[in-house]
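The values are calculated or read from the model by the stated rules, or taken from the named source; none is laboratory data. Computed from a predicted model, the values in this text were never measured in an experiment. No Cβ is skipped: glycine too gets one built from the backbone with ideal geometry, and neighbour counts run over all protein chains shown. Accessible surface is based on the protein model in full, side chains and every heavy atom, while ligands, DNA and RNA are left aside. Shrake-Rupley method; radii C 1.70, N 1.55, O 1.52, S 1.80 Å.
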Amino acid sequence: MNLPAEIQEHAGLPCCHAWRSIGTHIWFEFGVPKTRVLKNGRRSISGDMTLHVSSYNWQLYLDGRASLNADTVDDLNFAALVKPWFQNGLFPNFVELDSQVLKLEFSDATILQISQIDAEDTDDEIEVMLPDGKWWGFRFGKGWSKSEASKSSS
């Protein structure tokens with residue numbers, strides 16, 4: 001799959017943080033980590049580029065084994081199982097297996113597979129925020145499209 005040139009030029013950035021927000025939404029921060037303290041006292045870590053997986057149907061494979069999916073993810077298992085596999089890994093290669101399955105290959109041993117569950121869904125399965133603040137979204141059947149701001153705010 002060809003990534004938009006604006007995403008491709010930043011594709012070598014390492015993952016500095018991975019986190020889960022609400023429901024099945026997972027986020028990956030790439031580049032130099034920036035830490036700030038929120039009003040509630042919690043730390044927030046961001047990077048130069050953000051990958052947001054908002055799909056409701058994803059499966060994580062670690063060393064070839066299905067290890068976690070959108071139905072079983074919670075804060076504890078994401079932190080314990082996932083973070084060590086992504087920390088310092090590079091921005092993934094995107095491989096479209098067919099019109100309904102997309103693989104994000106973080107490494108040979110770390111693969112996130114996303115499947116389309118509803119052809120009528122109008123939300124992007126993946127969003128990428130670039131260092132300039134511009135967002136790109138990927139949707140099955142539509143491919144990549146650029147937007148000024150994320151449609152998801154989690």
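Hey, could you check the range 15-73 for residues that are farther than 17 Å from SER107 by Cα and acidic (Asp, Glu) and say which is least open to solvent (accessible area, probe 1.4 Å)?
Of everything passing the filter in the range 15-73, ASP48 is least open to solvent (accessible area, probe 1.4 Å).
Among the residues of the range 112-131, which ones are at pLDDT 90 or above and open to solvent by 30 Å² or more (accessible area, probe 1.4 Å)?
GLN113, MET129, PRO131
Considering the range 29-55 alone, what residues qualify as being within 17 Å of LEU102 (Cα to Cα) and either acidic (Asp, Glu) or in contact with a Pro (Cβ under 9 Å, 6 or more places away or on another chain) (or both)?
Going through the range 29-55, the residues within 17 Å of LEU102 (Cα to Cα) turn out to be 51-55.
Across the range 29-55, the qualifying residue is only LEU51.
When ARG43 is evaluated against the numbered criteria (1) out of contact with any strand residue (DSSP E or B) (no Cβ under 6 Å at 6 or more places or on another chain); (2) without any contact (Cβ under 8 Å) to a residue 24 or more places away in the chain, which criterion, by number, is the only one it fails?
Going through (1) out of contact with any strand residue (DSSP E or B) (no Cβ under 6 Å at 6 or more places or on another chain); (2) without any contact (Cβ under 8 Å) to a residue 24 or more places away in the chain one by one, ARG43 breaks only (1).
Looking at the range 1-22, which of the residues that are within 16 Å of the chain's Cα centre (by Cα) and of a type in the set (Gly, Ala, Ser) is nearest to ASP98 (Cα to Cα)?
Among them, the one singled out is ALA11.
Considering only residues that are in contact with a Pro (Cβ under 8 Å, 6 or more places away or on another chain) and open to solvent by 10 Å² or more (accessible area, probe 1.4 Å), look in the range 92-111 and name the one that is farthest from PHE78 (Cα to Cα). Break it down stepwise before answering.
Residues of the range 92-111 in contact with a Pro (Cβ under 8 Å, 6 or more places away or on another chain): 104-106.
Those still in the list that are open to solvent by 10 Å² or more (accessible area, probe 1.4 Å) too: 105-106.
Values: GLU105: 18, PHE106: 16 Å.
Here the residue is GLU105.
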